[in-house]
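Peer 1: Take this structure, written in C-alpha coordinates, and hold onto it; I'll ask about it next.
The values are calculated or read from the model by the stated rules, or taken from the named source; none is laboratory data. Quick caveat: nothing in here was measured; it's all calculated off a predicted structure. Backbone-built Cβ (ideal geometry, glycine too); neighbour counts: all protein chains shown. For the accessible areas, the whole protein counts, side chains as well, though only heavy atoms, and no ligand, DNA or RNA atoms are used. Shrake-Rupley method; radii C 1.70, N 1.55, O 1.52, S 1.80 Å.
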Amino acid sequence: MLYHLLLQTVKTQQSAGVSPGQPHLLQYNLDDAYDLHKAFEDLSQAASGGSLYVIADEVGNNYTHDYSINNFQTLCYLLLTQVPRLYLWAASCFHGFTPTGWPVEYLTRPLRSPPAVVREVEQDERITTRRDVLPYSERGVPDHTDGPQVTRLYHRGQGHLGRRPGDCVTCGREVASFLHSLRVGVTGRSTTTSTTLTSTSVGTTPPCLQWRDVLVLYWDKVSDQSGVVTGLQEAGIPVRVMKDDDIEDVATARSDVVWMASGHRVRGLERKVVVCLEDPDFDIFRPKYVEQYDLTSPRLDLMSRCTSQLVIVSPDDKPLEGD
(Lines give C-alpha, C1' and ligand atoms only; values in the text may rest on other atoms or scores of the structure.)
Protein backbone atom coordinates (compact mmCIF):
# COMPACT_ATOMS: atom_id res chain seq x y z
CA MET A 1 0.00 0.00 0.00
CA LEU A 2 2.83 2.42 0.82
CA TYR A 3 4.49 1.58 -2.47
CA HIS A 4 1.33 2.39 -4.45
CA LEU A 5 0.81 5.64 -2.54
CA LEU A 6 4.36 6.65 -3.42
CA LEU A 7 3.73 5.74 -7.06
CA GLN A 8 0.69 8.02 -7.11
CA THR A 9 2.77 10.86 -5.67
CA VAL A 10 5.48 10.33 -8.30
CA LYS A 11 2.90 10.38 -11.12
CA THR A 12 1.40 13.61 -9.76
CA GLN A 13 4.82 15.24 -9.60
CA GLN A 14 5.70 14.06 -13.09
CA SER A 15 2.51 15.55 -14.51
CA ALA A 16 3.55 18.85 -12.91
CA GLY A 17 6.92 18.74 -14.68
CA VAL A 18 8.95 17.48 -11.72
CA SER A 19 11.31 14.55 -12.17
CA PRO A 20 11.34 12.67 -8.86
CA GLY A 21 13.03 9.40 -8.10
CA GLN A 22 11.35 6.04 -8.58
CA PRO A 23 10.13 3.91 -5.65
CA HIS A 24 11.06 0.23 -5.56
CA LEU A 25 9.24 -2.46 -3.60
CA LEU A 26 11.64 -4.95 -2.00
CA GLN A 27 10.57 -7.76 0.33
CA TYR A 28 12.89 -9.70 2.61
CA ASN A 29 12.54 -12.25 5.37
CA LEU A 30 15.03 -11.01 7.93
CA ASP A 31 14.68 -14.22 9.94
CA ASP A 32 16.90 -15.63 7.20
CA ALA A 33 20.63 -14.83 7.14
CA TYR A 34 20.69 -15.11 3.34
CA ASP A 35 17.96 -12.47 3.00
CA LEU A 36 19.86 -10.25 5.43
CA HIS A 37 22.92 -10.24 3.18
CA LYS A 38 20.80 -9.91 0.04
CA ALA A 39 19.00 -6.88 1.49
CA PHE A 40 22.32 -5.26 2.33
CA GLU A 41 23.79 -5.93 -1.11
CA ASP A 42 20.67 -4.74 -2.96
CA LEU A 43 20.31 -1.54 -0.94
CA SER A 44 23.97 -0.57 -0.83
CA GLN A 45 24.23 -1.15 -4.58
CA ALA A 46 21.12 0.97 -5.16
CA ALA A 47 22.78 3.85 -3.32
CA SER A 48 25.80 3.81 -5.70
CA GLY A 49 27.56 6.48 -3.70
CA GLY A 50 24.49 8.70 -3.56
CA SER A 51 21.56 9.05 -1.20
CA LEU A 52 19.47 6.08 -0.14
CA TYR A 53 15.94 6.41 1.23
CA VAL A 54 14.52 3.32 2.92
CA ILE A 55 11.09 2.81 4.48
CA ALA A 56 11.10 -0.46 6.42
CA ASP A 57 7.47 -1.17 7.23
CA GLU A 58 6.21 -3.79 9.68
CA VAL A 59 9.65 -4.75 10.97
CA GLY A 60 9.26 -8.24 12.40
CA ASN A 61 6.73 -10.90 11.52
CA ASN A 62 4.69 -13.47 13.44
CA TYR A 63 7.73 -14.35 15.45
CA THR A 64 9.85 -11.96 17.49
CA HIS A 65 12.82 -14.26 17.97
CA ASP A 66 16.17 -12.73 18.88
CA TYR A 67 17.71 -13.52 15.49
CA SER A 68 15.00 -11.53 13.70
CA ILE A 69 15.65 -8.53 15.94
CA ASN A 70 19.41 -8.90 15.64
CA ASN A 71 19.31 -9.27 11.85
CA PHE A 72 17.30 -6.07 11.43
CA GLN A 73 19.63 -4.18 13.72
CA THR A 74 22.63 -5.60 11.86
CA LEU A 75 21.17 -4.44 8.55
CA CYS A 76 20.73 -0.91 9.93
CA TYR A 77 24.33 -0.77 11.15
CA LEU A 78 25.74 -2.17 7.90
CA LEU A 79 23.84 0.38 5.81
CA LEU A 80 24.92 3.17 8.12
CA THR A 81 28.58 2.28 7.68
CA GLN A 82 28.43 1.79 3.90
CA VAL A 83 25.95 4.46 2.76
CA PRO A 84 27.06 7.99 3.76
CA ARG A 85 23.73 9.64 2.92
CA LEU A 86 21.33 7.16 4.46
CA TYR A 87 17.74 8.07 5.35
CA LEU A 88 16.01 5.13 7.01
CA TRP A 89 12.61 5.05 8.67
CA ALA A 90 11.28 1.86 10.24
CA ALA A 91 7.91 1.03 11.79
CA SER A 92 6.89 -1.83 14.05
CA CYS A 93 4.33 -2.43 16.76
CA PHE A 94 7.10 -4.17 18.71
CA HIS A 95 9.33 -1.71 20.53
CA GLY A 96 12.30 -4.08 20.95
CA PHE A 97 13.60 -3.78 17.38
CA THR A 98 15.25 -0.36 17.67
CA PRO A 99 19.03 -0.27 17.11
CA THR A 100 20.85 1.26 20.06
CA GLY A 101 21.23 5.00 19.76
CA TRP A 102 18.74 5.52 16.94
CA PRO A 103 16.00 8.12 17.58
CA VAL A 104 12.57 6.69 18.36
CA GLU A 105 9.03 8.04 18.34
CA TYR A 106 6.30 6.06 20.09
CA LEU A 107 2.99 6.53 18.28
CA THR A 108 0.42 5.12 20.69
CA ARG A 109 -2.62 7.36 20.23
CA PRO A 110 -5.57 5.20 19.06
CA LEU A 111 -6.53 7.22 15.99
CA ARG A 112 -7.46 4.34 13.67
CA SER A 113 -10.27 2.68 15.56
CA PRO A 114 -13.23 3.94 17.61
CA PRO A 115 -13.22 3.35 21.40
CA ALA A 116 -15.41 0.23 21.12
CA VAL A 117 -12.75 -1.46 18.97
CA VAL A 118 -9.82 -0.10 20.97
CA ARG A 119 -11.20 -1.71 24.13
CA GLU A 120 -11.05 -5.11 22.41
CA VAL A 121 -7.56 -4.68 20.98
CA GLU A 122 -5.99 -3.39 24.19
CA GLN A 123 -6.85 -6.66 25.97
CA ASP A 124 -4.20 -8.41 23.87
CA GLU A 125 -1.71 -10.50 25.81
CA ARG A 126 1.18 -8.77 24.03
CA ILE A 127 0.04 -5.49 25.59
CA THR A 128 -1.29 -6.51 28.99
CA THR A 129 1.22 -9.15 30.11
CA ARG A 130 4.20 -9.58 27.82
CA ARG A 131 4.64 -5.81 27.38
CA ASP A 132 6.44 -6.09 24.04
CA VAL A 133 3.71 -3.92 22.49
CA LEU A 134 3.18 -0.59 24.21
CA PRO A 135 -0.29 0.16 25.59
CA TYR A 136 -2.47 2.82 24.06
CA SER A 137 -2.11 6.37 25.35
CA GLU A 138 -4.85 9.00 25.54
CA ARG A 139 -6.56 9.71 22.24
CA GLY A 140 -6.01 13.46 22.56
CA VAL A 141 -9.05 14.38 20.46
CA PRO A 142 -12.75 14.20 21.35
CA ASP A 143 -14.63 10.96 20.77
CA HIS A 144 -17.84 12.07 19.09
CA THR A 145 -19.25 8.56 19.43
CA ASP A 146 -18.15 5.28 20.98
CA GLY A 147 -18.46 3.72 17.54
CA PRO A 148 -20.80 0.91 16.52
CA GLN A 149 -21.25 -1.73 19.18
CA VAL A 150 -19.06 -4.79 18.63
CA THR A 151 -21.23 -7.54 17.16
CA ARG A 152 -20.69 -11.08 18.44
CA LEU A 153 -21.86 -14.16 16.60
CA TYR A 154 -21.41 -17.69 17.93
CA HIS A 155 -20.57 -20.98 16.25
CA ARG A 156 -23.07 -23.03 18.20
CA GLY A 157 -26.64 -24.23 18.06
CA GLN A 158 -28.84 -25.64 15.33
CA GLY A 159 -27.33 -25.78 11.87
CA HIS A 160 -23.76 -25.07 12.95
CA LEU A 161 -21.40 -27.79 11.77
CA GLY A 162 -17.65 -28.30 11.94
CA ARG A 163 -15.12 -27.48 14.62
CA ARG A 164 -14.36 -23.93 13.53
CA PRO A 165 -16.49 -21.01 12.33
CA GLY A 166 -14.49 -21.09 9.12
CA ASP A 167 -15.81 -24.61 8.43
CA CYS A 168 -19.44 -23.64 8.98
CA VAL A 169 -21.93 -22.71 6.25
CA THR A 170 -24.37 -21.37 8.84
CA CYS A 171 -21.72 -19.00 10.23
CA GLY A 172 -21.20 -17.71 6.68
CA ARG A 173 -24.93 -17.11 6.31
CA GLU A 174 -25.12 -15.27 9.63
CA VAL A 175 -22.20 -13.03 8.70
CA ALA A 176 -23.85 -12.37 5.35
CA SER A 177 -27.11 -11.46 7.07
CA PHE A 178 -25.31 -8.93 9.23
CA LEU A 179 -23.52 -7.40 6.24
CA HIS A 180 -26.84 -7.07 4.44
CA SER A 181 -28.27 -5.32 7.52
CA LEU A 182 -25.52 -2.71 7.10
CA ARG A 183 -26.70 -2.25 3.50
CA VAL A 184 -23.27 -3.15 2.17
CA GLY A 185 -23.25 -3.11 -1.61
CA VAL A 186 -26.63 -1.40 -1.96
CA THR A 187 -26.66 0.78 -5.07
CA GLY A 188 -27.04 4.52 -4.56
CA ARG A 189 -26.98 6.37 -1.26
CA SER A 190 -28.34 5.20 2.05
CA THR A 191 -31.73 6.46 3.14
CA THR A 192 -30.88 6.15 6.82
CA THR A 193 -29.15 8.83 8.88
CA SER A 194 -28.55 6.63 11.91
CA THR A 195 -25.49 4.78 10.67
CA THR A 196 -22.24 5.44 12.50
CA LEU A 197 -20.02 3.71 9.96
CA THR A 198 -19.22 6.89 8.06
CA SER A 199 -18.76 10.49 9.07
CA THR A 200 -20.88 13.04 7.23
CA SER A 201 -21.94 16.65 7.43
CA VAL A 202 -25.16 17.63 9.14
CA GLY A 203 -28.15 17.22 6.85
CA THR A 204 -26.49 14.74 4.47
CA THR A 205 -26.95 11.01 4.18
CA PRO A 206 -23.86 8.81 4.21
CA PRO A 207 -22.92 6.83 1.09
CA CYS A 208 -23.52 3.12 1.28
CA LEU A 209 -20.71 0.83 2.26
CA GLN A 210 -19.06 -1.04 -0.59
CA TRP A 211 -17.93 -4.64 -0.55
CA ARG A 212 -14.31 -3.45 -0.65
CA ASP A 213 -14.91 -1.85 2.77
CA VAL A 214 -15.15 -5.32 4.36
CA LEU A 215 -12.40 -7.74 5.40
CA VAL A 216 -13.06 -11.23 6.77
CA LEU A 217 -9.99 -12.30 8.73
CA TYR A 218 -9.03 -15.61 10.22
CA TRP A 219 -6.08 -16.99 12.12
CA ASP A 220 -5.55 -20.36 10.45
CA LYS A 221 -6.49 -21.43 6.94
CA VAL A 222 -9.71 -20.99 4.98
CA SER A 223 -10.00 -22.26 1.41
CA ASP A 224 -12.41 -21.49 -1.41
CA GLN A 225 -14.30 -24.64 -0.42
CA SER A 226 -14.64 -23.69 3.27
CA GLY A 227 -18.11 -23.66 4.75
CA VAL A 228 -18.05 -19.96 5.66
CA VAL A 229 -17.17 -19.09 2.04
CA THR A 230 -20.05 -21.23 0.78
CA GLY A 231 -22.46 -19.55 3.22
CA LEU A 232 -21.40 -16.07 2.12
CA GLN A 233 -21.65 -16.94 -1.56
CA GLU A 234 -25.10 -18.50 -1.16
CA ALA A 235 -26.26 -15.22 0.39
CA GLY A 236 -25.00 -13.21 -2.57
CA ILE A 237 -21.80 -11.86 -1.02
CA PRO A 238 -18.99 -11.42 -3.59
CA VAL A 239 -16.24 -13.01 -1.49
CA ARG A 240 -12.73 -14.03 -2.53
CA VAL A 241 -10.05 -15.82 -0.53
CA MET A 242 -6.73 -14.01 -0.80
CA LYS A 243 -3.91 -15.84 -2.59
CA ASP A 244 -0.32 -14.72 -3.06
CA ASP A 245 -1.13 -13.18 -6.44
CA ASP A 246 -3.90 -11.08 -4.87
CA ILE A 247 -1.74 -9.09 -2.44
CA GLU A 248 -1.61 -5.97 -4.62
CA ASP A 249 -5.37 -6.08 -5.26
CA VAL A 250 -6.10 -6.40 -1.54
CA ALA A 251 -3.67 -3.63 -0.58
CA THR A 252 -5.17 -1.15 -3.04
CA ALA A 253 -8.81 -2.32 -2.59
CA ARG A 254 -9.02 -2.36 -6.38
CA SER A 255 -11.73 -5.01 -6.71
CA ASP A 256 -15.11 -4.35 -5.12
CA VAL A 257 -15.25 -7.66 -3.27
CA VAL A 258 -15.12 -8.89 0.30
CA TRP A 259 -11.65 -10.27 0.81
CA MET A 260 -10.91 -13.13 3.19
CA ALA A 261 -7.34 -13.27 4.41
CA SER A 262 -5.12 -14.55 7.18
CA GLY A 263 -4.75 -11.64 9.57
CA HIS A 264 -0.96 -11.56 9.76
CA ARG A 265 -0.83 -10.99 5.98
CA VAL A 266 -2.75 -7.71 6.01
CA ARG A 267 -0.95 -5.76 8.72
CA GLY A 268 -1.23 -2.04 8.14
CA LEU A 269 -4.39 -2.22 6.04
CA GLU A 270 -7.60 -0.67 7.29
CA ARG A 271 -11.21 -1.49 6.54
CA LYS A 272 -14.43 -0.02 7.90
CA VAL A 273 -15.92 -3.45 8.61
CA VAL A 274 -13.77 -6.30 9.91
CA VAL A 275 -15.13 -9.78 10.62
CA CYS A 276 -12.86 -11.91 12.85
CA LEU A 277 -13.28 -15.67 12.65
CA GLU A 278 -11.86 -17.09 15.84
CA ASP A 279 -10.16 -20.45 15.85
CA PRO A 280 -10.52 -22.81 18.83
CA ASP A 281 -6.79 -23.59 18.55
CA PHE A 282 -5.89 -19.91 18.87
CA ASP A 283 -8.73 -18.61 20.98
CA ILE A 284 -8.21 -14.95 21.93
CA PHE A 285 -9.21 -15.89 25.44
CA ARG A 286 -6.48 -18.53 25.70
CA PRO A 287 -3.21 -16.55 25.82
CA LYS A 288 -1.15 -19.67 26.52
CA TYR A 289 -0.91 -20.19 22.75
CA VAL A 290 0.62 -16.76 22.35
CA GLU A 291 3.23 -17.66 24.93
CA GLN A 292 3.84 -21.20 23.69
CA TYR A 293 4.35 -20.32 20.02
CA ASP A 294 5.57 -16.73 20.46
CA LEU A 295 2.81 -15.50 18.16
CA THR A 296 0.96 -12.30 17.80
CA SER A 297 -2.73 -12.85 18.44
CA PRO A 298 -6.07 -12.34 16.72
CA ARG A 299 -6.67 -9.21 18.79
CA LEU A 300 -3.41 -7.59 17.73
CA ASP A 301 -3.42 -8.71 14.10
CA LEU A 302 -7.11 -8.94 13.23
CA MET A 303 -9.23 -6.58 15.32
CA SER A 304 -6.82 -3.66 15.03
CA ARG A 305 -7.55 -3.45 11.28
CA CYS A 306 -11.07 -2.17 12.00
CA THR A 307 -11.92 1.52 11.64
CA SER A 308 -15.61 1.21 12.50
CA GLN A 309 -17.70 -1.97 12.78
CA LEU A 310 -16.09 -5.02 14.38
CA VAL A 311 -17.72 -8.46 14.14
CA ILE A 312 -16.36 -11.39 16.16
CA VAL A 313 -17.44 -14.96 15.35
CA SER A 314 -16.52 -17.15 18.31
CA PRO A 315 -16.27 -20.96 18.51
CA ASP A 316 -18.10 -20.73 21.82
CA ASP A 317 -18.23 -24.08 23.60
CA LYS A 318 -20.61 -22.92 26.32
CA PRO A 319 -24.04 -24.63 26.36
CA LEU A 320 -26.97 -22.69 25.00
CA GLU A 321 -29.45 -21.30 27.50
CA GLY A 322 -31.96 -23.99 28.43
CA ASP A 323 -29.66 -26.90 27.47
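Peer 1: Compute the length gained on full extension between TYR87 and VAL104: take 0.36 nm times their separation in residues and subtract their Cα-Cα distance, giving the result in nm to one decimal.
Peer 2: 4.7 nm is the gain from fully extending TYR87 to VAL104.
Peer 1: Tell me, what % of the accessible area of the stretch 17-118 is carbon and sulfur with a 1.4 angstrom probe?
Peer 2: With neighbouring chains kept in place, the figure for the stretch 17-118 is 53 percent.
Peer 1: Okay, moving on. Would you please name the GluC sites (Glu not before Pro) within the stretch 87-176 that are DSSP coil residues with at most 14 other C-beta atoms within 10 Å of their C-beta?
Peer 2: Details: sites: GLU105, GLU120, GLU122, GLU125, GLU138, GLU174; in loops: GLU105, GLU122, GLU138.
Within the stretch 87-176, the qualifying GluC sites (Glu not before Pro) (loop, at most 14 other Cβ atoms within 10 Å) are GLU105, GLU138.
Peer 1: Quick one: accessible area per residue over the stretch 1-126, 1.4 Å probe, rounded to a whole number of Å²?
Peer 2: For the stretch 1-126, the solvent-accessible area averages 63 Å² per residue.
Peer 1: Considering only DSSP states other than H, G, I, E and B, which trypsin sites (Lys or Arg not before Pro) in the stretch 216-272 qualify as loop sites with at most 14 other Cβ atoms within 10 Å?
Peer 2: When the trypsin sites (Lys or Arg not before Pro) of the stretch 216-272 are filtered for loop state and at most 14 Cβ neighbours within 10 Å, LYS221, LYS243, ARG254 remain.
Peer 1: Let me ask you something else. For ASN29 and ASP256 in one chain, what is 0.36 nm times their gap in residues minus the Cα-Cα distance, to one decimal in nm?
Peer 2: 78.7 nm
Peer 1: Which order do TRP211, TRP102 take when ranked by solvent-accessible area (1.4 Å probe, heavy atoms of all protein chains), largest first?
Peer 2: Sorted descending by solvent-accessible area, the residues read TRP102, TRP211.
Peer 1: Calculate the spin-label point distance for ASP224 paired with GLN13, positioning each point 7 Å from the Cα along the beta-carbon direction, and give it in nanometres.
Peer 2: So the label points at GLN13 and ASP224 sit 4.1 nm apart.
Peer 1: Rounded, prolate or oblate for the stretch 1-100? Axes are the square roots of the Cα gyration tensor eigenvalues, ordered a ≥ b ≥ c, and the cut-off for rounded is a/c under 1.5.
Peer 2: prolate
Peer 1: Follow-up. Name the shape class, rounded, prolate or oblate, that the alpha-carbon gyration tensor gives for the stretch 1-46, where a ≥ b ≥ c are the square roots of its eigenvalues, rounded holds for a/c under 1.5, and otherwise prolate holds if a/b is larger than b/c and oblate otherwise.
Peer 2: Cα axes put the stretch 1-46 in the oblate bin.
Peer 1: List the chymotrypsin sites (Phe, Trp or Tyr not before Pro) within the stretch 87-121 that DSSP assigns to loop and that have no more than 16 neighbouring Cβ atoms inside 10 Å.
Peer 2: Of the chymotrypsin sites (Phe, Trp or Tyr not before Pro), the ones in loops of the stretch 87-121 whose Cβ has at most 16 other Cβ atoms within 10 Å are TYR106.
Peer 1: By the gyration tensor of its Cα atoms, with a ≥ b ≥ c the square roots of the eigenvalues, what is the shape of the stretch 50-177: rounded for a/c under 1.5, prolate for a/b over b/c, or oblate?
Peer 2: Prolate shape, in that a/c is at least 1.5 and a/b is the bigger ratio.
Peer 1: For the peptides 139-146, 306-313, what is the packing order when you average, over each peptide's residues, the other Cβ atoms within 10 Å and list the highest mean first?
Peer 2: 306-313, 139-146
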